[in-house]
Amino acid sequence: MAIKPFKDLSIVDDFMFSEVMRQPENVKPFLEALLGKSIAEVVYIDKQKDLKDEYDAHGIRLDVYLKDEHNTKYDVEIQASLHSALEKRVRYYQSGIDRHSLEISADYEDLSESYVIFICAQDYYKAGLAVYERESHIKGAPRVLYEDGSHVFILNADFTVENANHEILSFLRYVRAGYKGESFDVSHSSYLAQIETAISNIKKNSGREVEYMTMAMKMLDERKAGREEGRKEGVKEVAQRMLSHGLSPEEISGLTGLDLSEVEKLTRQ
């Protein structure tokens, strides 16, 4: 898989999105437009925060993680690819944020409000809405809301139903253009012009390009290592089936390419 040239990055690319939206002047208007509320100040922003409890746990790397003056937590993610099980991904992100939001001696009542916001280039739910907002209520009593302080928004750049305000729809059209590699006229929006300027300034920074290339190479190495580990685990499963059919460790080692010591370890297991 080739690394996308730094000069070709747009708002839909993870690195550029997190670099742009970590800046309070860029993320604050977006949140205010989406949520319809005023945010006095963004008091904390952490780019690509890694939430991990145990050394062997599945880590969560957040694109843009911040909180406001009321300690409300916001996680904003960009999704160029259409991943499956998005709801479970949101659930896992939410749980990670909650675990790192509550002090050991604090009460559950102190758990802060939180918003997980996914901006998707493609329509995950195939219903055409520009904004999908999760709403929880009690089964059999839809007027009784289940309010735990967590909120989820799935934004769809490939929308056909304009169920959002002008600012959000313009932003989603901008994301769509970036995803498709098309030019987009930002002259009608001071906010999008501001985003374009931020992207331009980042691209002029050679240090950012080095950072991007380093991160991209690391991710490629991690994926390669993961594929290799997956291949090895698959070979081990085949070896185990061979053992169950009575083949000797020596025969299995020769057929699968596994070291004899590894096959003998499987035999003991």
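R0 = 30 Å: FRET efficiency of K88 with S248, Cβ-based, nearest 0.05? Walk me through the intermediate numbers first.
On the way: r = 43 Å, r/R0 = 1.42.
It comes to 0.10.
Loop only by DSSP, 14 or fewer other Cβ within 10 Å of the Cβ. Give me the trypsin sites (Lys or Arg not before Pro) in region 88-179 that pass, ordered by residue number. Don't skip to the end; give the middle numbers.
Values: sites: K88, R89, R91, R99, K126, R134, K139, R143, R173, R176; in loops: K126, R134, K139.
Sites meeting the loop and neighbour criteria: K126, R134, K139.
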Under the Kirkwood approximation for Rh and a Cα-based Rg, what ratio Rg/Rh is obtained for region 88-161? 1.06
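Values quoted throughout were computed directly from the atomic coordinates according to the rules given, and no laboratory measurement underlies them. Please read these numbers as outputs of a predicted model, since none were measured by experiment. Reconstructed Cβ throughout: ideal geometry from the backbone, glycine too, with neighbour counts over all protein chains shown.
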